[in-house]
Amino acid sequence: MKSPYGLHIIESCLSCPLVKDHIFCNLPTPVLGALDSISAGATYPKDAVLFVEGQVPRGVFVLCTGRVKLTMTSAEGKCILVRIAEAGEMVGLPGTLSGSPYEVTAETLEPVQANFIPREAFLKFLREHGDASLRVAEMLTHIYRSTLMEVRYLGFARTAAGKFARFLLDLTDAPHAASSGGSGTNGDSHGKDRTRAKLTLTHKEIGERIGASRETVTRLFSDFRREHLIEMHGSTVVLPDKPGLERLIEA
């Protein structure tokens, strides 16, 4: 079945194709059945807000399809992109567990299907199912590592160019990035190893990720291409000079 947003609807946790591929979904069948019984599925269009920073936590959202960006905003209105949650992940977890207000705002980057689980039902579910509690601990570790990554962007690199270089290196070092080299393909006449990755964020969202304006990110793309630090092939970014990017971080 397709939704109005063109999504292929996942009818049940028990029939979800993500079950074996994602931390929280990969649970024994009886546990998934219990999870399914307390979940309420819904679809959301692009730019829909699931919850806002400072809101009293109502519960968690398990993403079935689509991506959600998590942001924090200062009193002056400056926005920082903390991380991107992918299908199979859970958003709203820290606040739901602690009872403290949501620390971030969750906004869909594209049409999304998500299962909402109310806070009290979720806590009761975790008390009754140890396997699920262990998965939640793993997800909290992932959130912790993402927070440390944000510290790297905003603290270690002194310049916007250094932060942008760090972003590119982290992007292409991710598990989904593809590496090719040695044959001089795709315009590489020197036969160097090249690392590439799909760029799914807009210039504005990259700016929010590294603490820079959209105009600054656009200028950095232009500068880096002119200096042969990056190449763009559609939405794929290629790094022919990783040492050059590393020098920018250290400068």
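The values are calculated or read from the model by the stated rules, or taken from the named source; none is laboratory data. Just so it is clear, the structure is predicted and the values come from calculations on it, not from any experiment. Backbone-built Cβ (ideal geometry, glycine too); neighbour counts: all protein chains shown. When the accessible area is computed, the model is the full protein with side chains, heavy atoms only, and any ligands, DNA or RNA have been set aside. Shrake-Rupley method; radii C 1.70, N 1.55, O 1.52, S 1.80 Å.
Determine the share of the range 97-171's accessible area contributed by carbon and sulfur atoms, expressed in whole percent, with a 1.4 angstrom probe.
Values: 2120 of 3590 Å².
About 59 percent, which is the carbon plus sulfur part of the accessible surface.
Taking 0.36 nm per residue of separation and subtracting the current Cα-Cα distance, fully stretching the chain between LYS204 and ARG127 would add 23.6 nm.
Where does the range 65-129 land on the Kirkwood hydrodynamic radius, alpha-carbon pairs, in angstrom?
On the way: mean 1/r = 0.0760 Å⁻¹.
Radius from the Kirkwood sum: 13.2 Å.
Over the range 65-167, give the accessible area per residue in Å² for a 1.4 Å probe, as an integer. Don't skip to the answer; put the middle values down first.
Values: 4650 Å² over 103 residues.
Ligands and nucleic acids excluded, the result is 45 Å² per residue.
Shown is the FRET efficiency for MET232 and ALA48, computed with R0 = 25 Å from the Cβ-Cβ distance and rounded to the nearest 0.05: 0.25.
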